[in-house]
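Here's the structure we're looking at; comments come further down.
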C-alpha cells in the first residue's frame, strides 16, 4: 500500500473543547462577521483590507505584526476595515516545499499534522484575544475548515482550488464571505461558475456526514492575475478588467456583486513593491467609474515586518519564507495613503 496511516486525527469538536473560545470572544467575532457582511452587501461603505504575511510561519512574529496592524486600524477605522491574513496552509505549484503551519508548526522540522492543527487554532485564538482581530485564511483543505470555523471572518479559495467541487460545495455552507480567485490560467468563467455554485444550496458528503447547505450569498470574486502557457505572469486589475467583470456580474444576476483585488501574485509578477502602485491604480479606477466603485470592496495585500522573503533556516525575524511581502514601514504608509484617497 502506497499510503500509510500515521494516526487518526482528533475530531474538530475535540479540538474546540480542548481549546475553547470565551463568550466575549464569540461575541466579538460575531460582531466582526456582521461588519464584513455589511461591506459585501453594500450596507457599509468601508473599504476592506485583507492584509498580512503570505504565510503565517511563526506565531510570535505574526502576532507582533498583527498588534502593529491593530494600532494602524485605529487610525483609519472611519474608512477602512482590516482583516489580517493568517494563512496557515499553503498550496504548492509542484507539491514540494513548505506547506504552511498546518503541516509544519516548525518550518525546519518534519511535518506533524496533529500539532499543526493545534498550533493553527492557537494562533487564530491568540490573534482574536490579544488584538481583537478575527482573521482570514485560505480553505486549502475543505474538511479542515471545521477546526477554525468559529474563528475566521473571511475565507479565500485559491487559484488551484477554485474549480474543485468540494471547495465549491463547502463554501456554500459557510456563514462568512468566501472569495473565489480566478484560476492560474485566468479563465474568468471558472471563477464565476464557482461563485454561482457557492451561492446555491447543495446536498453533499462532508466529514463522513450527509449535509445540506443554504448557499452563501457573500461568495464573491478575487482577481489575482494569471499565467500564460509559457509561464509568464499577466495582470487583470486594470480598469478594463474590472469593468468587464462588472458587466459579467450584471449578466449573471448573482447576489451581492463584489470584488477583492489581490495586489500581489500574478498581478504584481511577485514584485512585492508593485503592490503600492497597483493599490493606487485601483482606487483611481474607482474614482472614474461608479460601476467599478460599487464592485470593488477592497484589496488583498501581502505584508509583513520585513521587506521581501528569505529561505527557510535564515531565521530573519518577520520576513516571509514563501512569497516576498511588503515591509511594515511601506505597508503602514500605503494604508494611510489608501485612507486619504478613499
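Only the coordinates and a few stated rules stand behind these numbers; no lab work does. Small disclaimer: the values here were computed from a predicted structure and weren't measured. As a convention, Cβ positions derive from the backbone with ideal geometry for all residues, glycine included, and neighbour counts pool all protein chains shown.
Structural remarks
- Difference of contour (0.36 nm per residue) and Cα-Cα distance, residue 311 to residue 6: 106.9 nm
- Exposure proxy shown here: for 170, 296, 211, 227, the number of other Cβ atoms within 10 Å sets the order, fewest to most, as 211, 227, 296, 170.
- Applying 1/(1 + (r/R0)^6) with R0 = 22 Å to the Cβ-Cβ distance of residue 165 and residue 187 gives a FRET efficiency near 0.85.
- Ordered by the count of other Cβ atoms within 10 Å of each Cβ, fewest first, 70, 244 give 244, 70.
- Gyration tensor verdict on segment 232-342 (Cα atoms; rounded if a/c is under 1.5, prolate if a/b is larger than b/c, oblate otherwise): prolate
- By DSSP, the beta bridges lying fully in segment 12-341 are antiparallel in about 20 percent of cases.
- Taking label points 7 Å from Cα along the Cα-to-Cβ direction, residue 143 and residue 212 give a separation of 2.5 nm.
- Three-way shape call for segment 75-130 based on the alpha-carbon gyration tensor, with the a/c threshold at 1.5: oblate
- Efficiency of FRET from Cβ geometry, residue 228 and residue 294, R₀ 35 Å, rounded to 0.05: 0.70
- Here r is the Cβ-Cβ distance between residue 247 and residue 336 and R0 is 30 Å; the resulting FRET efficiency, rounded to 0.05, is 0.35.
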